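Engineer: Before anything else, here's the structure in question.
The values are calculated or read from the model by the stated rules, or taken from the named source; none is laboratory data. Given the structure is predicted, the values throughout are model-derived calculations rather than measurements. Cβ: placed from backbone, ideal geometry, glycine included. Neighbour counts: every protein chain shown. The accessibility values were calculated without ligands, DNA or RNA, using every heavy atom of the protein model including side chains. Shrake-Rupley method; radii C 1.70, N 1.55, O 1.52, S 1.80 Å.
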Number of protein chains: 2
Amino acid sequence: MTPVVSASSARPLTTPLDTFRRWLHERGLKTTSQRDDIARVFLTGNRHISVEELYAAVKKVNPRVGYATVYRTLRLLKECGVAVERHFNDGEARYEAAGGEKHGHDHFICERCARIIEFASAELDALDQRIARKLGAVISRRRLELYGICRECREGKR
Amino acid sequence: MTPVVSASSARPLTTPLDTFRRWLHERGLKTTSQRDDIARVFLTGNRHISVEELYAAVKKVNPRVGYATVYRTLRLLKECGVAVERHFNDGEARYEAAGGEKHGHDHFICERCARIIEFASAELDALDQRIARKLGAVISRRRLELYGICRECREGKR
DNA sequence: ATCGGTGCAAATTATTTGCAGGAGC
DNA sequence: GCTCCTGCAAATAATTTGCACCGAT
């Protein structure tokens, strides 16, 4: 398993927000203050944010947004590849910014403190391929979630 | 990955239905024809059945059942460990009979034909533990789903 | 000026719950 | 007979959609 190290802090030439705006423009869709605000708050806020949390956070910046627009914009962000939808405890959806390079693609969910820890595992990537070969299948994506008690909770630090 | 082989066909001494009935009795709950029918149909029907499918199948056997009772009985089956709830495509819940020995505990979902293939992987079990150690966590359960195209679909046999 | 976008409220979907009557023990 | 159970319909919860007006290009 590779540790989750932060990448360099150099600003990338193309931000996810740019990607989103360009994607909209390419298909004749419009840039609106709501879409901008929702995307900006989404990208700078917590990873694994729920719709409710995002809605509340956006309201603080721009009270002129409705729940429906948050849902509609999240769908666009998903479609253009900027956001990824997750369903951890089979409850409401949570969204994370794409670009798992800085983070892992898999998740550990602590059943005590509910924290979500991301990790990456090259061994797992390889194992996927071996399983695919055995099944005669081609794999396009995986979802791995480990549930348990995290280090902090185990050590009583929480 | 271990292949998914069928176990011997010898009838076990205690069936899941017995387990369910005993569990109900132990806590002063009642055995009713609805509960029996729902449990029986659930246990003999398709693995990964949805509530809707189960409801329809039970109706054929006993039209005197309501949707609510199917939900309520599934909850009981879950609580007594006979059924396990899954959420594959983040849509409606699907239930499978517990006792994954005969089947795998992990799932491959074909994105073309929607078939669900179970498999088990000892390598994966070991990898879980290595990941847990790295994270300093203790793992109680995992959810692994691989999505892609299955062999039959790839070979155009479907 | 033209479409697409937005808020709101109503519609949907999956699931749960209140209640009055019915069936186990 | 006392409870627990059931069906039905109404209530939730999460998400989507119809519609009249608004705003970006």
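Engineer: Among the numbered conditions (1) more than 8 Å from DNA strand D (Cβ to nearest atom); (2) among the basic types (Lys, Arg); (3) farther than 30 Å from B:ALA114 by Cβ, tell me where B:ARG64 comes up short.
Structural biologist: Result: B:ARG64 passes all but (1).
Engineer: Please go through (1) in the same structural domain as B:THR19 (by TED's automatic domain parsing); (2) more than 23 Å from A:ILE109 (Cβ to Cβ); (3) open to solvent by 20 Å² or more (accessible area, probe 1.4 Å) for B:VAL70 and return the number of the only condition it doesn't satisfy.
Structural biologist: All conditions pass for B:VAL70, except number (3).
Engineer: Also: Whether any residue in region B:80-88 is part of a strand (DSSP E or B), open to solvent by 50 Å² or more (accessible area, probe 1.4 Å) and near DNA strand C (Cβ under 10 Å from one of its atoms) is what I want to check.
Structural biologist: yes
Engineer: Quick check on B:ASP37: is it of a type in the set (D, E, K, R) and away from DNA strand C (no atom under 14 Å from the Cβ)? Lay out the reasoning, then the answer.
Structural biologist: Values: of a type in the set (D, E, K, R): yes; away from DNA strand C (no atom under 14 Å from the Cβ): no.
When the stated conditions are applied, B:ASP37 does not pass them.
Engineer: A further question follows. When the residues of region A:92-115 are filtered to those that are in a loop (DSSP other than H, G, I, E, B), more than 10 Å from chain B (Cβ to nearest Cβ) and acidic (Asp, Glu), which remaining residue is nearest to A:ARG158 (Cα to Cα)?
Structural biologist: Selected residue: A:GLU92.
Engineer: Give region B:26-38 a look and list any residue that's under 18 Å from B:GLY81 (Cβ atoms) and either more than 10 Å from DNA strand D (Cβ to nearest atom) or hydroxyl-bearing (Ser, Thr, Tyr) (or both), or say none.
Structural biologist: B:GLU26, B:THR31
Engineer: If I filter region B:97-106 for residues that are among the aliphatic types (A, V, I, L, M) and either in the same structural domain as B:LEU43 (by TED's automatic domain parsing) or more than 21 Å from A:GLY136 (Cβ to Cβ) (or both), do I get at least one hit?
Structural biologist: Yes; the residues of region B:97-106 include at least one that is among the aliphatic types (A, V, I, L, M) and either in the same structural domain as B:LEU43 (by TED's automatic domain parsing) or more than 21 Å from A:GLY136 (Cβ to Cβ) (or both).
Engineer: Every residue in region B:116-158 that is within 9 Å of another protein chain (Cβ to nearest Cβ), open to solvent by 50 Å² or more (accessible area, probe 1.4 Å) and in contact with a helix residue (DSSP H, G or I) (Cβ under 8 Å, 6 or more places away or on another chain), please.
Structural biologist: Scanning region B:116-158 gives B:ILE117, B:GLU123, B:ARG130, B:VAL138, B:ARG151.
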